[in-house]
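J.: First the structure, which I've put down as structure tokens, then a few questions once you've had a look.
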Amino acid sequence: MTDAAKATAAIPPKSTPSVSPATSPLPSPGPGEQSPAPARSSRTGGALVVGGAGCLSLTAVFISLADVGAGTAAFLRCAIALAVLLPLALYERRRHLSFPRRLRGPALLAGVFLGIDYVMWTVSILDVGAAVATVLLNIQVIAFPLLARVLGGHRIPRRFAYASPLMLAGLALAAGLLDHSDQARHPLRGALLGLSAGVAYAAYLYLIRLCGVASPQHSVTPVFLSTLAAAATSGVLALFTTGLTLAVPLASWGWLIALALLGQVAAWILIGRGTSRVTPNAAAALLLLQPIMAVVCAMLLLGETPTALQLAGCAVVVAAVWFAGHTPARRRNPRTP
């Protein structure tokens, strides 16, 4: 070996600096999840979540304008959407092969929770109004950290504990417990149903996110399976509770079709694709735009006039949920190069 070759061999190879999990800008995956790609935290994912939240904000308006029973609206919302989701799921299967078997169970279970959510939330809309019911539904942003802690072992931030009392106070105001509105038929029952629907909604989001992270190339199939299970669940619940009828006026069918296309197909596909590209905290904060847009839509399209205390309660709920779900950026150490 020549002297030049010896000198070259003596130089140690450059090592690639490693990034520890604590300093990585990407969220740490939970049990059974794949590490998200950097592109998923882009602004595109945030725009998709905002678009899905906008579609969901119109659902309460469509349900009120359809003027059908709660169970009927929940069942037909899913049944009509299946006619659109089925060909889309078949096309997705041809492009990306079959949806993994191990994820079909969580997707179907998510649909069961979604069907329960639909029936309870629709009754809540008829009890307390579209705007207030939508705000109550967003207890899911608080319920999600609890589910992630119990099922996924994720740490609950201290901000959640700080915001809980304020959250409960805001919910009491939004439910009209201190100022009974003439438009609220059953304020207490509507508040309880709205909160229960929010917990079921959180379970759906948790399970559907597991499917999206584990198989990001499938964005339609999880929505199709969950919608199928939601249709069966809501239909059975409607038979034993609010009743189920297909004798719907022609004008109501138009609003129900709009509800299915925007509030079911478009909303959940956009949210499913978006939440897998951003962190859970960012997705939760962006979904808080839904109740704000719902209040505006209900006032403009339905002529609803919530009381001053109810509006104040809505504002408190939105602020508290945002505070609980928001993770502040860590300050960079000036000594760190």
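The values are calculated or read from the model by the stated rules, or taken from the named source; none is laboratory data. All values reported here derive from a predicted model rather than from experimental measurement. A quick note on method: Cβ atoms are made from the backbone with ideal geometry, for glycine too, and the neighbour counts reach across all protein chains shown. To get the accessible areas, we keep the full protein, side chains included, count just its heavy atoms, and leave off ligands, DNA and RNA. Shrake-Rupley method; radii C 1.70, N 1.55, O 1.52, S 1.80 Å.
J.: May I ask you to list the chymotrypsin sites (Phe, Trp or Tyr not before Pro) in segment 76-154 that are in a DSSP loop and have at most 16 other Cβ atoms within 10 Å of their Cβ?
T.: none
J.: Something else about it: Heads up, I need the accessible area for VAL112: 1.4 angstrom probe, whole protein in place, Å², nearest 10.
T.: Spelled out: VAL112, probe radius 1.4 Å, area about 60 Å².
J.: Just the accessible area for HIS96, please: 1.4 Å probe, Å², rounded to the nearest 10?
T.: Answer for HIS96: close to 70 Å² accessible.
J.: How big is segment 49-154 on each of its three principal axes, counting only the C-alpha atoms and giving the largest first in Å?
T.: Principal-axis extents of segment 49-154 (Cα, largest first): 44, 38, 25 Å.
J.: If you don't mind, there's one more thing I want to ask. Using alpha carbon coordinates only, what is the Rg to Rh ratio of segment 131-275, with Rh defined as the Kirkwood radius?
T.: My calculation puts Rg/Rh at 1.00.
J.: Ranked by accessible surface with a 1.4 Å probe, highest first, in what order do ASP67, ASP127 come?
T.: Reading off the accessible areas and sorting them downward yields ASP67, ASP127.
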